[in-house]
Amino acid sequence: MVKTTQEYLELPYPIILTKHRDDMDTYWFAEIPDLPGCCAHGATPNQAIEELQASKELWIDKHIEDGYAVPEPRANLYNEVIKGRRAKQH
């Protein structure tokens, strides 16, 4: 049975949050590695996470609508994260 968008939204997807600086500004980038391409940014960590929640809902809705599988959170993700960056996947 396929889960609903709401059921997926309730799953504990880990978030990677990183601070970035360019020549003009500092911003925060948030991503959900288990949902490829699901990311957002904001001026503060909270804003980036809020934007990410909206992106996550759209990402899940679109995948369900198009008949694609929505991955569930990986339990071992934290073991793959080193200093805020994902380790190379083999």
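Being in contact with a Ser or Thr (Cβ under 9 Å, 6 or more places away or on another chain), part of a helix (DSSP H, G or I) and not basic (K, R) is true of E57.
Can you tell me which residue in region 62-90 is surrounded by the fewest Cβ atoms within 10 Å (Cβ to Cβ), limited to those that are under 14 Å from the mean Cα position of the chain (by Cα) and either part of a loop (DSSP other than H, G, I, E, B) or modelled with pLDDT of 95 or more (or both)? Ranking the qualifying residues of region 62-90, first place goes to G84. Consider region 17-40 and keep the residues that are within 17 Å of E57 (Cα to Cα) and of a type in the set (A, V, I, L, M). The one that is surrounded by the most Cβ atoms within 10 Å (Cβ to Cβ) is A30.
The values are calculated or read from the model by the stated rules, or taken from the named source; none is laboratory data. In this text, all values refer to a predicted model and were calculated from it rather than measured experimentally. Note that we place each Cβ from the backbone using ideal geometry, even for glycine, and neighbour counts take in every protein chain shown.
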